[in-house]
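Visitor: I have a structure I would like to understand better, so I am pasting it below and will then ask my questions one at a time.
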Amino acid sequence: MHAGQSRDPILFAQNGRRRARGLGLPLSGKTGPCNAITDVPGISVGMTTLIAGEGKHAVRTGVTAILPRPRERMLHPSWAGTFAMNGNGELTGCHWIEEAGWFMSPLLITNTCSLGIAHHAAARWLMREFPGEMGESQWPLPVVGETFDGWLNDIAGQHIGEQHVLDALDSAQKGPVSEGNVGGGTGMITYEFKGGTGTSSRLVETKAGTFNLGVLVQANHGLRPWLRVGGVPVGGAMMENRIFEDETGSIIVILATDAPLTPTQLNRIAKRIAIGMGRAGTPSGNGSGDIYLAFSTANDPGRAPMPAEISFRALGDGEMDAMFLATVNCVDEAILNALCAAETMTGKHGRIVTAIDPDRLAELVAAHPAP
């Protein structure tokens with residue numbers, strides 16, 4: 001690579017570490033140009049990362065913001081569906097999505113004890129951006145998810161403030177998305193390795209055309225012996241530096257697509273996220289909050305409130321298998337990307353969570369070729 005030449009974002013994370021495809025891991029499907037949720041047109045992602053201090057009050061946390069539409073169209077509802085594989089966690093706004101099949105807000109992911117301030121700040125952001133509607137003809141119902149980073153982060157200190165959330169929202173942009181120890185994933189742990197934020201995308205070919213599908217995960221789940229990559233039980237061969245005896249983590253998965261889908265079809269896709277999560281070995285443990293949201297940018301009904309009548313285009317159910325397969329493959333890869341991009345971190349009480357050894361991982365998988 002020549003000096004100044006940028007790395008291929010499909011193969012390399014923004015911090016220079018090799019992503020799953022950069023390691024040659026066996027992965028199916030064709031990605032978009034960035035292999036990220038932002039490959040879906042109109043989607044942007046912003047983050048605030050907080051790393052400060054040592055010892056008991058070490059801060060290792062952050063906020064991830066996903067804008068489902070361009071900022072000026074945030075009051076255009078997005079059709080959606082949700083599913084909780086294991087409900088030991090929180091994703092606000094799900095009641096209305098279940099009732100009406102849509103939401104109208106940014107999507108935020110942070111740590112468990114900062115969910116409230118993220119919700120508050122998202123409402124503040126909407127009121128700032130749309131002062132003529134919010135609090136008058138419209139009301140904010142932000143969608144905010146959380147996972148627990150208290151092993152590395154002084155989570156009880158509630159170090160995330162309103163401005164940190166506003167900064168994440170205001171910094172949202174298209175293009176490559178940072179992974180690993182960034183945003184809401186800063187202090188998160190995956191299969192007892194350092195984990196956190198991961199993303200991936202797929203081009204989905206159907207008889208109705210080719211569509212984009214992308215996911216972003218905040219991966220904070222799994223035990224080392226469970227870990228499988230490409231069907232190979234790599235976790236059992238990488239048992240050094242374990243930190244947990246029981247599953248106490250969670251994962252939030254946000255899936256976006258520009259395929260025209262009904263809320264019922266998006267609910268079906270959200271359920272398949274669990275299969276992609278399970279590919280790496282987790283049974284979705286009792287202590288894990290495994291909660292998913294799938295949404296479509298198609299069928300834009302215009303600025304809320306909706307008109308008295310709307311038209312709707314949707315894929316036939318016979319085309320859903322292509323969407324299901326892309327979902328499973330994309331989620332699996334996003335979790336692997338979170339593992340591959342993350343770096344060893346020292347956090348609260350001097351605790352150390354090591355990054356996965358990429359070369360060893362690749363060797364273990366290559367030693368067990370698929371039949």
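The values are calculated or read from the model by the stated rules, or taken from the named source; none is laboratory data. These numbers were taken from a predicted model, which means no experiment stands behind them. All Cβ positions, glycine included, derive from the backbone under ideal geometry; neighbour counts span all protein chains shown. Surface areas here come from the heavy atoms of the whole protein model, side chains and all, with no ligands, DNA or RNA. Shrake-Rupley method; radii C 1.70, N 1.55, O 1.52, S 1.80 Å.
Visitor: Would you work out the relative contact order for the stretch 42-123, in percent, from Cα pairs under 8 angstrom that are 6 or more residues apart? Spell out each step's value before the answer.
Guide: Values: 106 pairs, mean separation 23.5, N = 82.
This gives 29 percent for the stretch 42-123.
Visitor: Considering only protein heavy atoms and a probe of 1.4 Å, how much of the accessible area of the stretch 105-237 is carbon and sulfur, as a whole percent?
Guide: 53
Visitor: At what distance in angstrom do the alpha carbon centres of the stretch 156-170 and the stretch 211-228 lie from each other?
Guide: Cα centroid of the stretch 156-170 versus Cα centroid of the stretch 211-228: 25 Å apart.
Visitor: Can you tell me the accessible area per residue over the stretch 1-72, all protein chains present, probe 1.4 angstrom, in square angstrom? The partial results should precede the final answer.
Guide: Working: 3290 Å² over 72 residues.
Per-residue value: 46 Å².
Visitor: Net charge near R279, counting Lys/Arg +1 and Asp/Glu -1 over other residues with Cβ under 9 Å of its Cβ?
Guide: Around R279, the charge tally is 0.
Visitor: Is the C-alpha gyration tensor of the stretch 82-154 telling us rounded, prolate or oblate? Criteria: a/c under 1.5 is rounded; beyond that, a/b larger than b/c is prolate, otherwise oblate.
Guide: oblate
Visitor: Here's another thing I want to ask about it. Given a Förster distance of 25 angstrom, what is the FRET efficiency for W96 paired with E162, based on the Cβ-Cβ distance and rounded to 0.05?
Guide: So the FRET efficiency works out to roughly 0.60.
Visitor: Just by accessible area at a 1.4 angstrom probe, what is the order of R202, R303 from largest to smallest?
Guide: R303, R202
Visitor: Determine the shape class of the chain: with a ≥ b ≥ c the square roots of the Cα gyration tensor eigenvalues, call it rounded for a/c under 1.5, and otherwise prolate if a/b is greater than b/c, oblate otherwise.
Guide: oblate
Visitor: Once phi is turned into θ = phi - 60°, what whole-Hz ³J(HN,Hα) does the Karplus curve with 6.51, -1.76 and 1.60 give for every residue of the stretch 80-96, x standing for Gly and Pro?
Guide: Ordered by residue, 3J(HN,Hα) equals 7, x, 9, 7, 10, 6, 9, x, 7, x, 9, 9, 6, x, 5, 4, 6 Hz.
Visitor: Let me ask something additional. Calculate how many DSSP beta bridges within the chain are antiparallel, expressed in % of all such bridges and rounded to the nearest 5.
Guide: About 80 percent, rounded to the nearest 5.
Visitor: Another question, if that's okay. Mind jotting down the three principal axis lengths of the stretch 106-147 based on Cα atoms? Whole angstrom, largest first.
Guide: On the principal axes, the stretch 106-147 reaches 34, 12, 12 Å in Cα extent.
Visitor: Now, a different point. Roughly speaking, what is the centre-to-centre gap between the stretch 341-371 and the stretch 239-270 when only Cα atoms are used, to the nearest Å?
Guide: Answer, in whole Å: 21.
Visitor: I51 to I243: extension gain in nm, 0.36 nm per residue of separation minus the Cα-Cα distance? Could the numbers behind the result be given before it?
Guide: Details: separation 192, 0.36 × 192 = 69.12 nm, distance 2.11 nm.
Gain on extension, I51 to I243, equals 67.0 nm.
Visitor: Relative contact order of the chain: what whole-number percent is it, with Cα pairs under 8 angstrom and at least 6 residues apart?
Guide: Relative CO of the chain lands at 25 percent.
Visitor: Okay, next question. Taking the full set of protein chains and a 1.4 angstrom probe, give the accessible area of D317 in square angstrom, rounded to the nearest 10.
Guide: 100
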